[in-house]
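The values are calculated or read from the model by the stated rules, or taken from the named source; none is laboratory data. Note that the structure is a prediction, hence the values are computed from the model and not measured. We place every Cβ from the backbone using ideal geometry, glycine too, and count neighbours over all the protein chains shown. Accessible surface is based on the protein model in full, side chains and every heavy atom, while ligands, DNA and RNA are left aside. Shrake-Rupley method; radii C 1.70, N 1.55, O 1.52, S 1.80 Å.
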Amino acid sequence: MLRLRKAARIGTCDAFAMTRPASDYCDPALCPTDLCCYGECQCAPSAASGDRRRLMLQALGLAAAALAVAGVALPVLPTTPFVLLSAWAFARSSPRLEAWLRDHARLGPPLAAWEQRRAIPRGAKAVAVVSLPLSGLLVHAAGAGLAVTAVAGLVLACVGGWILTRPS
């Protein structure tokens with residue numbers, strides 16, 4: 001505990017088992033450990049504390065990226081949510097994979113559009129508008145009770161409304 005206090009006082013990311021010193025504009029005491037000050041003081045998790053977590057996040061990011069690539073070819077599989085999940089996982093585990101995702105010819109533009117304007121492409125909106133009610137019907141056809149069907153319908157309607165209010 002004394003080491004943590006001392007490290008926090010001198011302003012290094014060692015307070016969170018990170019490897020590089022903090023810059024003047026990154027306060028490690030305010031930096032959440034899951035973000036590791038990425039984009040602020042560029043501290044990276046130490047090898048001892050984050051290998052398993054880093055590998056799990058990379059695996060999640062790669063799986064989401066694979067689903068996003070499949071979503072480019074399959075009209076019923078959405079691309080944007082998987083790109084966003086992949087970007088989130090890569091931002092916390094691998095700057096190299098995050099840069100690859102941002103520079104990708106098919107996956108980079110939806111990510112940039114989301115980050116800049118919180119925009120969802122028109123095609124994705126159209127697929128969502130069709131698939132959300134179909135999902136509600138599928139819940140009902142599966143024999144779910146009235147309460148479950150009503151709650152699922154309400155959630156799907158809220159999600160659909162939110163999607164439709166995003167810019168294209």
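Observations, loosely collected:
- Of all residues in region 126-168, those being under 17 Å from residue 79 (Cα atoms) and surrounded by 14 or more Cβ atoms within 10 Å (Cβ to Cβ) number 7.
- Residue within region 95-117 that is among the small types (Gly, Ala, Ser), crowded, with 17+ Cβ neighbours inside 10 Å and in contact with a Leu (Cβ under 8 Å, 6 or more places away or on another chain) present: no
- Some residue of region 96-110 being touching a residue at least 40 places away in the same chain (Cβ under 8 Å), charged (D, E, K, R), part of a helix (DSSP H, G or I) and closer than 24 Å to residue 168 by Cβ: no
- Residue within region 43-56 that is at pLDDT below 80, on the phi > 0 side of the Ramachandran plot and of a type outside the set (A, V, I, L, M) present: no
- Region 113-168, subset closer than 30 Å to residue 102 by Cα and touching a Ser or Thr at 6+ places or on another chain (Cβ under 8 Å), residue modelled with the lowest pLDDT: 124
- Of residues in region 64-80 being part of a helix (DSSP H, G or I) and without any contact (Cβ under 8 Å) to a residue 12 or more places away in the chain, the one least open to solvent (accessible area, probe 1.4 Å): 71
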